[in-house]
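Nothing in this text is a laboratory measurement; each read-out follows from the coordinates by a stated rule. Quantities reported herein were computed from a predicted structural model and do not represent experimental measurements. Heads up, the Cβs are rebuilt from the backbone with ideal geometry, glycines too, and the neighbour counts pull from every protein chain shown.
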Amino acid sequence: MNQNDEGQKNWQDYSLLIAEDEDSNFKYLQIVLRQTQIEIHRARNGQEVIQLLEDHPGIDLILMDIKMPEMDGLEATRKIRTFNNDIPIVALTAYAMSDDREISLEAGCNDYISKPVRKSRIFSVLSRYLEEEGTE
């Protein structure tokens, strides 16, 4: 991870999979992350997440919406963990239930962000995982 002269994140060497079925939520994340130059892939359901991860093994991190059609984010996370324990998966959920974080972590997610997603929170979480990956 690098920063340019203005202090903005430069993640041009990283690839992110955003699992989000709602267009408005995806577009928001895309706009927020555009300045970082990170490569973005999109899945609209859990089955697409698994397929994209298999097709693009270089993906560095997944932002996983929990509520998606066909296969939800928790089920997709459990399936991913059967063949990939290394990729960081960050749960995104609109539900503010007290046990959502625990349920997400038990399913295999590394972290949890509740919606509405704040730009500062996205940058904080992505920095943590991308910087850790870069130091290994």
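Count Lys and Arg as plus one, Asp and Glu as minus one, and take only other residues whose Cβ is under 9 Å from that of residue 73; the net charge is then -2. With the simple spin-label model, which puts each label point 7 Å out from Cα in the Cβ direction, the residue 30 to residue 51 separation comes to 1.8 nm. If the segment from residue 85 to residue 22 were pulled out straight at 0.36 nm per residue, it would be longer than the present Cα-Cα gap by 20.0 nm. Just one of (i) 28; (ii) 16; (iii) 13 is percent of Cα pairs over 27 Å apart calculated from these coordinates, so which is it? Only one listed value fits the structure, namely (iii). The slack in the chain from residue 100 to residue 12, taken as 0.36 nm per residue of separation less the alpha-carbon distance, amounts to 28.5 nm. Note on the chain: with charges restricted to the Cβ of Lys and Arg (+1) and Asp and Glu (-1), its dipole about the Cα centre is near 420 debye.
Which entries of 67/115; 9/119; 9/79; 27/119; 27/79 show an alpha-carbon separation above 22 angstrom in the structure shown? Distance filter (> 22 Å) returns 9/79; 27/79. Packing, as the average of other Cβ atoms within 10 Å across residues, places the peptides 109-121, 35-47 in the order 35-47, 109-121, highest first. When the chymotrypsin sites (Phe, Trp or Tyr not before Pro) in region 16-99 are filtered for DSSP coil states and for at most 16 other beta-carbon atoms within 10 Å of their beta-carbon, the remaining sites are 83, 95.
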